[in-house]
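Some notes on the structure that comes next.
The values are calculated or read from the model by the stated rules, or taken from the named source; none is laboratory data. Values in this document were obtained by computation on a predicted structure and should not be read as measured data. Backbone-built Cβ (ideal geometry, glycine too); neighbour counts: all protein chains shown. Protein only, heavy atoms only, side chains kept; ligands, DNA and RNA dropped before computing areas. Shrake-Rupley method; radii C 1.70, N 1.55, O 1.52, S 1.80 Å.
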Amino acid sequence: MDERSEQSFPDHFIAQRIRKDQQQGKHGGAVVTRFPPEPNGFLHLGHAKSICLNFGMAEAFAGRCNLRMDDTNPAKESSVYADAIERDVTWLGFSYGDHPRHASDYFERLFECAVTLIERGLAYVDSQDQEAIRAQRGTLIEPGTESPYRSRSVEENLALFQAMRAGDFEDGAHVLRAKIDMGSPNLNLRDPVIYRIRRLAHQRTGDSWCIYPMYDYTHCLSDAFEGITHSLCTLEFEDHRPLYDWVLDQFSWDVRPEQIEFSRLELEYTVLSKRHLNALVTEGHVAGWDDPRMPTLAGLRRRGVPPQALRDFCGRVGITKSDGTVEMALLERCIRDALESAPRALAVLHPLPVELLNYPQEREEWFDAPLHPKAPEGAQRRIPFSRHLFIERDDFMETPPKKYKRLSPGEAVRLRHGYVIRCERFDVGADGAPSKLYCTVDLESRAGGATAEQKVKGVIHWVSAAHALPAEVRLYDRLFTDPDPSGVKTEGGFRDVLNPDSLEVCAARLEPALGALAPGEVVQFERLGYFCPDPDSTEASRRFNRTITLRDTWGGK
RNA sequence: UGGGGUGUCGCCAAGUUGGUAAGGCACCGGAUUUUGAUUCCGGCAUUCGCAGGUUCGAGUCCUGCCACCCCAGCCA
């Protein structure tokens, strides 16, 4: 738990503005926000920032935050994604009442508003094709030109719009456009399309509709319908605010929502856009949306990252309007912080056999070891010890560098929670690498023993060969080798900087107590990092995911 | 060449009536440590994109530049 970020009151520019509004009694002092994802993909770290902001503001100002599916485009959306979104928001620790809201809940009201706009001469049916409309929009520096259908009579527009709804036309035959200003320097105001014909079943409304409203028209009205006071969105919508305001200004509201923009999250060595994440999944570069290497909430969860780490992260990143890219180190710091209190265990990822020459073949001992070093008298587990052990391959070197604090010929190290051993000799395998160590053990070296205080090179982890549980352990690394995958200019783009070593699978050996761990429960394998059983782990074949390594201040390895 | 934004330490980010640069991450020391982890102390921007100006005094006000981001979906 990070008390600092949990208790400190958010004080970014949006919080300041909301506080001011509330103090001035705006909206009757009410604060209502909303998190409005489109159910066309899984939520990722970028969404976490928005979720924490929106739900966080509601919490901080004793308000409410709605979860609203922005489901106005049945061509791309599905309930599979909507379900995943609910799961992820809940997992992050936020609640939105009994149900999420849906833009599709408002289709009828949205239609009525459109009719009103038509009646007031503020919207018209354009019967040109997409290309013609695009050509008339003009460019960034040239104004657009008005559609020949712009001056249709209200009666004709009404009849046409009703016919569109009735299903009398094919896709693309007509669109409804807001009549604003084709000469505006803001392209969004050049008579934006607000309804299009899509003869497609919608995941929630089925075949009830064959016309669907566009985002700019739908979003602001949905906010108003729900009494949203502060509509927080990312910077790219700044240009849309005049349109947001234009639509709302055509009606009167008890609560008139206001849009405020903040910069989206960018993180080094990853991609944070649904389009790119979708490509990773679709093209098979990862195993799915919840692949532990994905920056999706589902992936992070499967990896073992606690939700608190993400909330802490979002809090530390802050909210501003400046574009920036956060270093991976900050996220890692938050994850390690949240996991420090996890139980400890011993596991060997790359086993190197060790035989203790002076330890009886049949003898066996069980050591008590605390689950956490800061609670030495607290809960314990038992660790078996015997003549045959495994230690980490990296913990032995024939000719070690100067400050090596591990095992080498003639040197002694302590086995964590156990005895001190000294390496007498070793075998070399066909590949030229050490294949087995022969050591002597000092039976007086455990705590309380005669030689317990002796100085040794260091402390290493180990497991008893006969008692250890075999397990497949997946070691994950960053998915990309370039800090800015989206910025890669080669033909393949981010595909060209995928990290070929983002996944290493190893055959590990675990201390027996680890057999009782449930999927998702994170433990620290001492000196290695944090790990948790994958959901696909079974007693017959244990599978662990590495959540993150321990901080490593040693240059070597 | 249009419109909308942003520029404070390697990264994120405070600074909102002008008064003499918070904090976090990273990094570098040093202490503790049966995890090269954790914890703990200490260090880390004479300077705020640049150039002028106003002022006793400017990151904060004015002027002019420069850099970067977003916008021409019947996507959101």
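Before moving on, here are some points about what is shown:
- Entirely in region A:384-428, the strands (runs of 3 or more DSSP E) that have 3 or more residues that are touching a residue at least 60 places away in the same chain (Cβ under 8 Å) and in the same structural domain as A:V441 (by TED's automatic domain parsing): A:388-392
- Count of region A:69-110 residues, restricted to those that are farther than 16 Å from A:W289 by Cα and in contact with a strand residue (DSSP E or B) (Cβ under 8 Å, 6 or more places away or on another chain), is 15.
- Test for A:F161: is it without any contact (Cβ under 8 Å) to a residue 60 or more places away in the chain, assigned by TED's automatic domain parsing to the domain that holds A:G41, more than 20 Å from A:D249 (Cβ to Cβ) and in a loop (DSSP other than H, G, I, E, B): no
One line per residue, one yes/no per condition, for (1) open to solvent by 20 Å² or more (accessible area, probe 1.4 Å); (2) over 28 Å from A:R68 (Cβ atoms); (3) aliphatic (A, V, I, L, M):
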position: A:H99; (1), (2), (3): yes, no, no
position: A:D105; (1), (2), (3): yes, no, no
position: A:E108; (1), (2), (3): yes, no, no
position: A:F111; (1), (2), (3): no, no, no
position: A:A114; (1), (2), (3): no, no, yes
position: A:I118; (1), (2), (3): no, no, yes
position: A:G121; (1), (2), (3): yes, yes, no
position: A:D129; (1), (2), (3): yes, yes, no
position: A:A132; (1), (2), (3): yes, yes, yes
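- Pick from region A:391-432, criterion more than 12 Å from RNA strand B (Cβ to nearest atom) and under 40 Å from the mean Cα position of the chain (by Cα), ranking: nearest to A:H461 (Cα to Cα): A:I391
- Of all residues making up region A:348-383, the number that are among the basic types (K, R) and outside any loop (DSSP other than H, G, I, E, B): 2
- Scanning region A:321-346 for residues that are charged (D, E, K, R) and open to solvent by less than 30 Å² (accessible area, probe 1.4 Å) turns up just one, A:R344.
- Once region A:443-463 is narrowed to residues that are of a type in the set (V, I, T) and more than 10 Å from RNA strand B (Cβ to nearest atom), the residue that is most open to solvent (accessible area, probe 1.4 Å) is A:T451.
- Residues of region A:244-259 satisfying the condition of being surrounded by fewer than 18 Cβ atoms within 10 Å (Cβ to Cβ) and among the hydrophobic types (A, V, I, L, M, F, W, C): A:F251, A:W253, A:V255
- Of all the residues in region A:165-183, those that are out of contact with any Cys (no Cβ under 8 Å at 6 or more places or on another chain) and in contact (Cβ under 8 Å) with a residue 40 or more places away in the chain number 11.
- Criterion: in the same structural domain as A:G299 (by TED's automatic domain parsing) and more than 22 Å from the chain's Cα centre (by Cα) - qualifying residue of A:L498, A:L528, A:L503: A:L528
- Each residue in region A:193-212 was checked for being within 24 Å of A:E146 (Cβ to Cβ) and more than 7 Å from RNA strand B (Cβ to nearest atom), and 3 pass.
Let's see how each residue does on (1) farther than 21 Å from A:P470 by Cβ; (2) at pLDDT below 95; (3) open to solvent by 60 Å² or more (accessible area, probe 1.4 Å):
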{"site": "A:A375", "(1), (2), (3)": "yes, no, no"}
{"site": "A:G378", "(1), (2), (3)": "yes, no, no"}
{"site": "A:I383", "(1), (2), (3)": "no, no, no"}
{"site": "A:T399", "(1), (2), (3)": "yes, no, yes"}
{"site": "A:S408", "(1), (2), (3)": "yes, no, no"}
{"site": "A:A412", "(1), (2), (3)": "yes, no, no"}
{"site": "A:D427", "(1), (2), (3)": "yes, no, no"}
{"site": "A:A430", "(1), (2), (3)": "yes, no, yes"}
{"site": "A:V441", "(1), (2), (3)": "yes, no, no"}
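- Residue within region A:133-147 that is touching a Ser or Thr at 6+ places or on another chain (Cβ under 8 Å), under 18 Å from A:D216 (Cβ atoms), among the charged types (D, E, K, R) and within 14 Å of RNA strand B (Cβ to nearest atom) present: no
- Residue match in region A:347-368 (condition: surrounded by fewer than 21 Cβ atoms within 10 Å (Cβ to Cβ), outside the structural domain of A:R478 (by TED's automatic domain parsing), near RNA strand B (Cβ under 10 Å from one of its atoms) and of a type outside the set (A, V, I, L, M)): yes
- Of the candidates A:P500, A:P512, A:P519, A:P533, the single residue that is more than 16 Å from RNA strand B (Cβ to nearest atom) and touching a His at 6+ places or on another chain (Cβ under 6 Å) is A:P512.
- Some residue of region A:538-557 being open to solvent by 80 Å² or more (accessible area, probe 1.4 Å) and within 25 Å of A:H467 (Cα to Cα): yes
- Matching residues, region A:479-519, being assigned to a loop (DSSP other than H, G, I, E, B), among the aliphatic types (A, V, I, L, M) and farther than 27 Å from A:R393 by Cβ: A:V488, A:A518
- Output for region A:213-233, where each listed residue is near RNA strand B (Cβ under 8 Å from one of its atoms) and within 26 Å of A:E266 (Cβ to Cβ): A:Y215, A:D216, A:H219
- Verdict on A:R241 being within 28 Å of A:S486 (Cα to Cα) and open to solvent by 30 Å² or more (accessible area, probe 1.4 Å): yes
- Whichever residue in region A:16-66 is assigned to a loop (DSSP other than H, G, I, E, B) and without any contact (Cβ under 8 Å) to a residue 24 or more places away in the chain and, among such residues, is nearest to RNA strand B (Cβ to nearest atom): A:Q24
- Residues located in region A:67-118, provided they are away from RNA strand B (no atom under 14 Å from the Cβ), under 26 Å from the mean Cα position of the chain (by Cα) and assigned to a helix (DSSP H, G or I): A:S79, A:V80, A:D83, A:A84, A:E86, A:R87, A:D88, A:V89, A:T90, A:W91, A:L92
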